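Asker: Have a look at this one before I ask anything.
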Amino acid sequence: MDFYNRTLDCPVILLRGWGTKTYDPTHHTWNGIEAYLKGAGIPPMVAQYHRFGSIEERAQSVIDQISQRYPGWRVHLLGHSMGGLVARAIAARCNLAFRVLTVTTFGSPHRGLKYLGKLPSMDGDGKLAAIIRDVFGSDLGGVCNITTEFMERFNQTTPNNSTVRYFSWAGHLRFYQVKYAALLAVVSQFHRHSDGVVGTESAAWGPDLGPGVHLGTVEGLSHSKIVSAELFAKSMTYLRNAELEP
């Protein structure tokens with residue numbers, strides 16, 4: 001497949017998920033898409049932030065980074081998993097030093113993860129939160145930010161920006177994929193269909209989230225494998241169309 005028959009004029013900002021290391025050259029979330037972007041002559045930027053930070057912590061960090069590197073530019077935001085929620089939080093802001101054209105999410109828990117509902121709140125002012133902040137440099141607020149309860153509030157308080165175009169991708173694993181059978185045995189108790197981490201019903205954009213387009217639920221793709229150059233290439237037409245809009 002020819003991935004390089006289309007291009008973009010605007011930079012693409014890549015936002016990783018919760019718990020992912022800042023950068024590991026041997027196992028990097030965005031390796032495939034970075035290579036594709038560079039091959040197509042599109043400037044990529046991998047945003048850096050604390051691997052355990054909350055959505056708010058990450059969003060502010062990314063805003064500062066984009067403002068410094070691309071002031072006055074139009075940009076595309078791509079988010080994997082929790083990174084997609086960070087992208088939405090940024091796109092909803094007013095008075096940015098740059099303009100967000102599109103938000104594209106890959107396996108993002110827009111409606112939360114049901115199996116996290118039993119976790120104690122760690123992003124408050126209690127003793128547990130204080131200890132965790134001392135040890136990890138963060139209160140691990142991010143994991144509390146992807147419960148169904150938190151995402152209900154997030155979706156109400158983070159409306160779509162009418163000037164931004166929203167897109168999503170989801171993965172769907174099957175039990176016959178032996179490598180993921182044990183994981184699916186647990187996750188399927190909460191999400192009937194999933195990519196092994198995020199339920200497809202949570203990852204797929206829908207009318208309840210506002211105007212947007214779900215580009216596809218891909219059979220056989222796990223939570224990590226959904227971040228692929230091929231899926232990004234299939235997103236290119238939508239991103240390019242957004243650049244051409246007045």
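Nothing in this text is a laboratory measurement; each read-out follows from the coordinates by a stated rule. Since we're looking at a predicted model, the values are computed, not measured. Ideal geometry is used to build each Cβ from the backbone, glycine not excepted, and the neighbour counts take in all protein chains shown.
Asker: Please report the net charge: other residues with Cβ closer than 13 Å to the Cβ of His191, K and R +1, D and E -1.
Answerer: The answer is +1.
Asker: What trypsin sites (Lys or Arg not before Pro) in the range 170-223 are in a loop by DSSP, with at most 14 other Cβ atoms within 10 Å of the Cβ?
Answerer: Here the trypsin sites (Lys or Arg not before Pro) that fit, given the DSSP loop and packing criteria, are Arg174, Arg192.
Asker: Quick one: Ser194, Ser81, Ser202, Ser228, fewest Cβ neighbours within 10 Å first, how do they rank?
Answerer: Ser228, Ser202, Ser194, Ser81
Asker: What's the exposure ranking of Val186, Val75, going from fewest to most Cβ atoms within 10 Å?
Answerer: Val186, Val75
Asker: Mind checking the full-extension length gain between Arg240 and Cys94? Use 0.36 nm per residue of separation minus the Cα-Cα distance, one decimal, nm.
Answerer: Working it through step by step, the gained length comes to 50.2 nm.
Asker: Arrange Phe190, Phe106 by Cβ neighbour counts within 10 Å, fewest through most, would you?
Answerer: On the way: Phe190 14, Phe106 34.
Exposure proxy ranking, most exposed first: Phe190, Phe106.
Asker: Next up: Test of understanding: what is the full-extension gain from Arg74 to Ser188, defined as 0.36 nm times their sequence separation minus their Cα-Cα distance? Can you show the working numbers first?
Answerer: Details: separation 114, 0.36 × 114 = 41.04 nm, distance 3.96 nm.
Answer, rounded to one decimal: 37.1 nm.
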